[in-house]
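Peer 1: My structure is below; once you've seen it, I'll send some questions.
The values are calculated or read from the model by the stated rules, or taken from the named source; none is laboratory data. What you see is a predicted model, and the numbers here were worked out from it, not measured in a lab. For neighbour counting, all protein chains shown are included, and Cβ atoms are generated from backbone atoms with ideal geometry for every residue, glycine included.
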Amino acid sequence: MEIMSISLDKETLQELNEIQENLGFRSRSKMLRSAIDLLLSEYKVLESLKGIHNVVFVITYRDNEKNHVSNILHDFEAEIKVTVHQHNGTMCLDMLNINADAQKIKKLFAEMKRSKCIRSLNFTLLGHCQSR
């Protein structure tokens with residue numbers, strides 16, 4: 001097994017330590033390998049997509065980052081069919097129902113994953129569509 005180092009801010013490290021303890025991981029390495037496996041699985045599912053699909057993205061972000069998130073989503077306005085927005089204190093949750101070509105879905109996923117403003121991103125593939 002190869003060794004890899006990463007740098008984390010104090011807050012993120014604290015959160016990871018809490019998660020490790022709460023979920024019962026024996027080590028940070030085991031926990032991070034699990035997180036990496038999840039990212040790899042998501043990526044493989046998205047990479048296999050061809051044609052037009054219905055997908056639901058669920059994202060969370062801090063309320064003070066809503067403009068940045070809105071800027072990302074603006075480029076995908078035509079593909080986002082339904083948006084549900086909910087506030088929870090200083091956090092926001094958006095559920096986006098998207099009907100789009102696989103390439104657009106992959107592009108949106110990549111942009112949201114890269115964004116430092118988006119705290120979490122999950123997706124569910126609803127199915128392949130014949131046309132829009």
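Peer 1: Could you please tell me which pairs satisfy a Cβ distance under 9 Å, a separation of 6+ or placement on different chains, a first residue in segment 7-31 that is farther than 19 Å from ARG119 by Cβ, and a second residue that is among the hydroxyl-bearing types (Ser, Thr, Tyr)?
Peer 2: Once the first residue is farther than 19 Å from ARG119 by Cβ and sits in segment 7-31, its partners that are among the hydroxyl-bearing types (Ser, Thr, Tyr) give PHE25/SER34.
Peer 1: Pick from segment 46-61 the residues that are surrounded by 13 or more Cβ atoms within 10 Å (Cβ to Cβ) and at pLDDT below 90: which of them is farthest from GLY89 (Cα to Cα)?
Peer 2: The qualifying residue farthest from GLY89 (Cα to Cα) is LEU49.
Peer 1: Could you list, in sequence order, the residues of segment 48-95 that are touching a residue at least 60 places away in the same chain (Cβ under 8 Å), within 14 Å of LEU121 (Cα to Cα) and touching a helix residue (DSSP H, G or I) at 6+ places or on another chain (Cβ under 9 Å)?
Peer 2: Within segment 48-95, VAL55, PHE57, ILE59 meet the criteria.
Peer 1: Scanning segment 104-125 for residues that are of a type in the set (Val, Ile, Thr) and closer than 19 Å to HIS74 by Cβ, which turns out surrounded by the fewest Cβ atoms within 10 Å (Cβ to Cβ)?
Peer 2: ILE118
Peer 1: Could you grab me the full set of residues in segment 19-29 that are in a helix (DSSP H, G or I) and over 21 Å from the mean Cα position of the chain (by Cα)?
Peer 2: GLU21, ASN22, ARG28, SER29
Peer 1: Sticking with this structure for a sec: What is the number of the single condition among (1) touching a helix residue (DSSP H, G or I) at 6+ places or on another chain (Cβ under 9 Å); (2) among the hydrophobic types (A, V, I, L, M, F, W, C); (3) part of a helix (DSSP H, G or I) that VAL45 does not meet?
Peer 2: (1)
Peer 1: Follow-up question, since we're still on this one. What number of residues within segment 2-15 are of a type outside the set (S, T, N, Q) and either surrounded by 10 or more Cβ atoms within 10 Å (Cβ to Cβ) or on the phi > 0 side of the Ramachandran plot (or both)?
Peer 2: Looking only at that region, the number is 3.
Peer 1: Report yes if some residue within segment 72-82 is of a type outside the set (Asp, Glu), surrounded by 12 or more Cβ atoms within 10 Å (Cβ to Cβ), at pLDDT 90 or above and in a strand (DSSP E or B); otherwise report no.
Peer 2: Checked against the condition, which is being of a type outside the set (Asp, Glu), surrounded by 12 or more Cβ atoms within 10 Å (Cβ to Cβ), at pLDDT 90 or above and in a strand (DSSP E or B), segment 72-82 yields at least one hit.
Peer 1: Take ASP101 and decide whether it is under 14 Å from the mean Cα position of the chain (by Cα), charged (D, E, K, R), surrounded by 15 or more Cβ atoms within 10 Å (Cβ to Cβ) and on the phi < 0 side of the Ramachandran plot.
Peer 2: Numbers: under 14 Å from the mean Cα position of the chain (by Cα): no; charged (D, E, K, R): yes; surrounded by 15 or more Cβ atoms within 10 Å (Cβ to Cβ): yes; on the phi < 0 side of the Ramachandran plot: yes.
So ASP101 fails the test.
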